[in-house]
Each structure stands twice: as C-alpha cells, then as structure tokens.
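To start, the structure itself, in structure tokens.
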Amino acid sequence: MININEVIETNKMILEENLDVRTITMGISLLDCKADTVEKVCDKIYAKITDRAKNLVSVGQEIEKEYGIPIVNKRISVTPIALVGGGVCETTKDFVKIAKTLDKAAKEVGVNLIGGYSALVSKAMTPADKLLIESIPEALASTDRVCSSVNVGSTKTGINMDAVRLIGEIILQTAELTKEQDSLGCIKFVVFCNAPDDNPFMAGAFLGVTEGDTVINVGVSGPGVVKKALESVRGADFEVLCETIKKTAFKVTRVGQLVAQEASKRLGYPFGIIDLSLAPTPAVGDSIAEILEEIGLEYAGAPGTTAALAMLNDQVKKGGIMASSYVGGLSGAFIPVSEDQRMIDAVQAGALTLEKLEAMTCVCSVGLDMIAVPGDTKATTLSGIIADEMAIGMINQKTTAVRIIPVIGKTVGDVAEFGGLFGTAPVMPVNQFSCDAFINRTGRIPAPVHSFKN
Amino acid sequence: MKKTILTVVGKDSVGIIAKVCTYLAENKINILDISQTIVQGFFNMMMIVDTNEASKSLDEISDDLDKIGEEIGVRIQVQLEDIFNMMHRL
C-alpha cells in the first residue's frame, strides 16, 4: 500500500515544485471535411471540431480535480490546413476564412490554442501550400488562438530553400501586422525541420496525415521538480546526477501517462503519445536554465552549457521512456528564451547569445524558440538564421524549429512583452553581415548522404 | 474498488482528526488506513478511504473538506490513489 512519505513527495512536487501536465492536446483529422465551396468546408470544420472536442475542457478539469494535478492547457491540433483547404481555396482570403473558423471553434469549446494552420513543404510547395504560407500574416493577425507552422526540411528530403526565403518575408509581414502588440503574431508561428506528426505542444502542433481520426496526446512538464531533486545531490558525481534526473523524469512521466489514459478513456478517443519535454514557464522555479545552474553553471550560456544540456536531455528521455510505452512528439528539454525567467536573465547578463542558443539546439528539442530580435532585421537574415537551424535538424536527424520575433519598433536593449505563458523577451543582437546572395539562390538543398539507407 | 487518499497538512492542533473523521462517518466514507507524521514542524496525516458507498460524489467531498480545512486552518486534499501508485509503484 502507498505510504505517507510517497504521498507527501508527490504532493510537494505538485504544490511547491510546479509539477503539472502541460497540455492535453486532442488531435482531430479534418481530411473528411470536403465540400465544393470554402464556406461549406468551414461549416464542416466547425461542426467536427466542436463535436469532437465538446467535452475536452470539462474532462480535463475533472481529472485535475480527482487526482489533484493541474492540467495547464487543453488544446487542439488539426490536419495541416494546406491539405484541407487545398481543393477549394483559390486566394489567401479563402485560407484566412478557414483560420477564422478554427479560431471560432477553439473559442466555442474553450481551448486556449489550436494548431495546424500549417503546410508541409520539405521538398517543394504546391500552389495551395504557397497560398497558405502567404496567408499566414493575415491569418495570425486576425485570429487570437490559431497557431501556424511550416515544415521546410527533413533528413529525407533536404531543405526547401524557396520556402525558407519566403518565410523570412512572411515573418516580417506578420510582425508588421501585429506591431501594436510587440509583433505578437510571430509567437504563434514556427518553422520546422523534421516536424513530428504527433506533437502536442504549441505553436507547432498539427495532426499529421499518418495519424488516425481523433487522438489524445499529452505533454508533461516539470523542470521545477528536476531542479529540486538536483538540489539534494549538490557536488555528487555524474552517475548520481544522471540517476537523479532519470528517476525524477520517470515519476513526472508516469503522471502524464495516467492523465493520458484517463483522458482517453473518458473522452472515448484513443491515446496517442506522451511528449516527454521539460517545458518551462515564466514562473520562478519552473525553469530549464535553473536546472543548468544547479548542475553547475553560473548562467545558462556559460562554457559547458551544451554538454550539461545534452546530458539533461538524454537522462530525461531515459527516465521517461521507461514510464510510457508510447513516447513521441518532441520529447526533450525546451529552451525558449521569453518563457523562462532565468534564460531571460542570462541574456540580460550577456551570458547567452543567439549563437550559443544555436549550439544548444544541436543537443535538445527544439530550436531557437521565442527569441526577440530587432524589428529592422532583414528578411534574408531571418531566412539565414532559419536555414542554419534547419541544417542542424537535417544533418542530425532530429526535429529543429525556429520561432523568432522581429519586434517592430524595438531594438537591442529593449524588452518585448507578450504576456501570460509567453512571457517577456529581451531583444537580442543579430549578426549584421549579409547572407543575401545565399538566400536569393533558388531551389533546394539536397538530402544529406546519410539519408540514403535503403 | 478505487481507493481515495485524503491528506491533511498544517499546524497541529486539538481535534483535527476528530473533525475529519466525523465528516467521513456522516457521509458513509470508510477509513481503511491512517498514518501521520510531522515534517518540518507541520502535521501531516494521510488516510486511505473507500468512497464507494459514500453519500456524495468525490467532487462534493473534495469541496466540503476544502471548507472544513479552511475552518480549522489546515489544507485537506482528496485524490484518487492511482496518481501515487503510478508514480511510486512499477
């Protein structure tokens, strides 16, 4: 039987160390929402989402109450809209109508974000893909809860540099359209290499075409719990350090597994995966950078950071994999700047630069995340930053992503305020040397040699 | 049978257990096990209870005990046992 110390330990994690389930994300396929006009497609999308997800929020709240574990977000991911709307959308305005429908459906069922305003163009773009991408600035500026992503590369296909070039411009347009709110639109857009089909985390969640009709995916969290556990082994050797992280990750993931099973049972849809990511929030004590400091760094970004992060990420996976048979999504430590108070502090102290963050993304999920740069950054420079990150993903056979915010009207030293979970971001300096001629080449970077495994 | 774990944490005082047990008895909740300990000066009590015959839903029991906890200055939590089993048992 359970003993009192185990109960105390679990409740301490929840009440004092910010243990929570970060998200229950319901994946809903929209591939069956076919019709001959955009309006009819929108009606079908709205009907399907509001039917499938009608109990999502209430079931989430029920589970929270019965087990005493907070479930921070209830969200929805859908089939990439470029595929859903490809047959009927003839203009960018048509795609924006679908975005508004998604927004309306999200509000109706009470989820805080809905992901999947996406296109998968890792090799090339169809006319529909291109239209969707061109509609992103308006779609994000005219909706509140819609998240968008584009997959522009993969280890199997190489990198679609035409899409990379276009997206540099799209990010700037999105920033411009939402400049009154510190270019807030850009925080709802991610560009990926090797995007997973079952990621429950926003802004990059979508339901890939390899998935079933409706599925429940769960993202766990718990940086605060790992940090607290490491406090008890200060000065110990690496074996003890790794063992402690693994055990903690196991416990955290088991809670996620329980919530996923319960949600799946009560909602009547199959369980897909648990995403093992350590996801920080701006709350004190809920930070990846604090774990790195506890491991022994003065600030995140100090020499040794990449090694410490690599070890942390690997141990989290080793502990988590034992706790659930279906692990998927991104599964790794997230290192968003604006959503992690100690990362913000590290940037402001001059310890953490864009280049160091890029190195860190080689060893963890997911990429350059929630990074504010000066609003006058050129589109080609943004594309260059994206291309670098995509290359890391392509060569290392891992997911990488970029969520970058050129904050219009702000420059290095200023701070962008996004509010809530999205936090605040110090504007970081960007390398000013040009990559115009590189980015303006057309075509794609071929698949790397190690993708030829057949 | 799904078991429920009831925890009481707070400053020790006379009558905490009596108050909680009275409520449980009134609502046909059977106590299977009780243990208590003092952690960092705080009173910690855990009860394993069976709510299957209870006259109220878990949701209502949880809200009622919240109120009782407030009255006597302790925090009372009611959670299904599974969360602890998942975390601490293979």
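The values are calculated or read from the model by the stated rules, or taken from the named source; none is laboratory data. Predicted model, so just to flag it, every value in this text is computed and none were measured. With ideal geometry, Cβ positions are generated from the backbone for all residues, glycine too; neighbour counts draw on all protein chains shown. Ligands, DNA and RNA are excluded from the accessible area calculation, which covers all protein heavy atoms including side chains. Shrake-Rupley method; radii C 1.70, N 1.55, O 1.52, S 1.80 Å.
Which net charge results for the neighbourhood of A:GLU339, defined as the other residues with beta-carbon distances under 10 angstrom from its beta-carbon, given Lys and Arg at +1 and Asp and Glu at -1?
Working: positive: none; negative: A:ASP286, A:ASP340, A:ASP369.
My count for the surroundings of A:GLU339 gives -3.
Any idea of the accessible area per residue across the stretch A:209-311, 1.4 Å probe, to the nearest Å²?
On the way: 3680 Å² over 103 residues.
So the stretch A:209-311 comes to 36 Å² accessible per residue, rounded to a whole number.
Please check chain A for the longest run free of GluC sites (Glu not before Pro) that are loop-located per DSSP (anything but H, G, I, E, B) and have at most 14 other Cβ atoms within 10 Å. Don't skip to the answer; put the middle values down first.
Numbers: sites that count: A:GLU90, A:GLU298.
Counting only loop sites that pass the neighbour cut-off, the longest clear stretch is A:91-297.
Residues with beta-carbon under 13 Å from that of A:PRO137, excluding A:PRO137: net charge, scoring Lys, Arg +1 and Asp, Glu -1? Walk me through the numbers on the way to the answer.
Values: positive: A:LYS93, A:LYS179, A:LYS188; negative: A:GLU134, A:GLU138, A:GLU169, A:GLU176.
Residues close to A:PRO137 contribute a combined charge of -1.
Which loop-located trypsin sites (Lys or Arg not before Pro) does the stretch B:1-80 contain, where loop means any DSSP state but H, G, I, E or B and the Cβ has at most 12 other Cβ atoms within 10 Å? The partial results should precede the final answer.
Details: sites: B:LYS2, B:LYS3, B:LYS11, B:LYS19, B:LYS28, B:LYS56, B:LYS67, B:ARG75; in loops: B:LYS2, B:LYS11, B:LYS28, B:LYS56.
The qualifying sites are B:LYS2, B:LYS11.
From the helices alone, meaning DSSP H stretches of at least four residues, give me the mean residue ellipticity at 222 nm for chain B, per-run term -39500 (n - 2.57), in deg cm²/dmol to the nearest 500. Present the calculation step by step, with values, prior to reporting the outcome.
Details: 3 runs with 33 residues, N = 90.
Theoretical 222 nm ellipticity from helices: -11000 deg cm²/dmol.
What does the accessible area per residue of the stretch B:3-87 come to in Å², with a 1.4 Å probe and no ligands, DNA or RNA counted?
Here the residues of the stretch B:3-87 average 48 Å² of exposed surface.
How much net charge surrounds A:ASP162 when only the other residues with a Cβ under 12 Å from the Cβ of A:ASP162 are counted, with Lys and Arg +1 and Asp and Glu -1? Could you put the intermediate results ahead of the total?
Numbers: positive: A:LYS123, A:LYS130, A:ARG165, A:ARG441, A:ARG444; negative: A:ASP129, A:GLU169.
Neighbourhood net charge equals +3.
Can you list residues from other chains, or at least 5 along the same chain, whose modelled amide H is less than 5 Å from the amide H of A:PHE271?
A:ILE216
Where both partners of a DSSP beta bridge lie in the protein assembly as shown, what percent of those bridges are antiparallel, to the nearest 5? Before the final figure, lay out each step's value.
Values: 41 of 73 bridges.
The antiparallel fraction comes to roughly 55 percent.
Over the stretch A:71-198, what per residue volume does the convex hull of the Cα atoms give, in whole Å³?
Values: hull volume 13.6 nm³, N = 128.
So the per-residue Cα hull volume is 106 Å³.
If you wrap a convex hull around the C-alpha atoms of the stretch A:273-353 and split its volume per residue, what is the figure in Å³?
Numbers: hull volume 7.2 nm³, N = 81.
Once divided by residue count, the hull of the stretch A:273-353 is 89 Å³.
Step through the residues of the stretch A:14-23 one at a time and calculate ³J(HN,Hα) from phi using the Karplus curve (6.51 cos²θ - 1.76 cosθ + 1.60, θ = phi - 60°), rounding each to whole Hz and writing x for Gly and Pro.
6, 7, 10, 10, 6, 5, 8, 8, 6, 7
With θ set to phi - 60° and the Karplus curve 6.51 cos²θ - 1.76 cosθ + 1.60, what are the ³J(HN,Hα) couplings of the stretch B:19-24 in order, to the nearest whole Hz, using x for Gly and Pro?
4, 5, 5, 4, 4, 4
Taking trypsin sites (Lys or Arg not before Pro) that fall in a DSSP loop and have at most 12 other Cβ atoms within 10 Å as cut points, what is the longest piece of chain A between them? Don't skip to the answer; put the middle values down first.
Working: sites that count: A:LYS34, A:ARG234, A:ARG441, A:LYS453.
Excluding the exposed sites themselves, the longest stretch runs over A:235-440.
Kirkwood-based Rg over Rh for chain A (C-alpha set), two decimals? It would help to have the intermediate numbers written out before the result.
Numbers: Rg = 20.9 Å, Rh = 21.9 Å.
Here Rg/Rh amounts to 0.95.
Can you compute the helix-only [θ] at 222 nm over chain A? Use -39500 (n - 2.57) per DSSP H run of at least 4 residues, normalise by all residues, nearest 500 deg cm²/dmol.
Values: 15 runs with 198 residues, N = 454.
It lands at -14000 deg cm²/dmol.
Can you work out ³J(HN,Hα) from phi for every residue in the stretch A:99-104, in order, using Karplus 6.51 cos²θ - 1.76 cosθ + 1.60 and θ = phi - 60°, giving whole Hz and x for Gly and Pro?
4, 5, 5, 4, 4, 5
Based on the alpha carbon coordinates of chain B, what radius of gyration and maximum Cα-Cα distance (Dmax) apply, in Å?
Cα only, chain B: 12.8, 38 Å (Rg, Dmax).
Please compute the average number of Cβ atoms from other chains found within 10 Å of each residue's Cβ in peptide A:61-67. Please report the intermediate quantities before stating the final value.
Details: counts 0, 2, 2, 0, 7, 10, 9.
Mean inter-chain Cβ contacts per residue within 10 Å come to 4.
Cβ neighbours within 10 Å, averaged per peptide: list A:364-371, A:274-281 in order, most packed at the top. Don't skip to the answer; put the middle values down first.
Working: A:364-371: 26.8, A:274-281: 28.9.
Taking the mean over residues of other Cβ atoms within 10 Å, the ranking is A:274-281, A:364-371.
Hey, any idea what the orientation-averaged projected area of the convex hull of the stretch A:221-356's Cα atoms comes to, in nm²? All intermediate terms of the calculation are to be shown ahead of the outcome.
Numbers: hull surface 33.5 nm².
Across all orientations, the stretch A:221-356 yields a mean hull projection of 8.4 nm².
Rounded to the nearest Å, what's the spacing between the alpha carbon centres of the stretch A:268-310 and the stretch B:41-90? Just the number, please.
Cα centroid of the stretch A:268-310 versus Cα centroid of the stretch B:41-90: 31 Å apart.
Quantify how strongly other chains surround peptide A:7-14 by giving the mean number of their Cβ atoms within 10 Å of each of its Cβ atoms. Walk me through the numbers before you get to the answer.
Details: counts 14, 7, 3, 8, 10, 2, 1, 3.
Partner Cβ neighbours, averaged per residue: 6.
What quantity of accessible surface, computed with a 1.4 Å probe and excluding non-protein components, is buried in total between chains B and A, in Å² to the nearest 100? Don't skip to the answer; put the middle values down first.
On the way: alone 5870 and 17660 Å², together 20930 Å².
In total, this chain pair buries about 2600 Å².
How large, in percent, is the carbon and sulfur part of the accessible surface of chain A at a probe radius of 1.4 Å?
Numbers: 8600 of 16360 Å².
Looking at chain A in its full context, I get 53 percent from C and S.
Would you pull out the residues with amide H under 5 Å of A:ILE335's amide H, same chain only if 5 or more places away, H placed 1.01 Å from N?
Amide H neighbours of A:ILE335, under 5 Å, 5+ apart: A:VAL366, A:GLY367.
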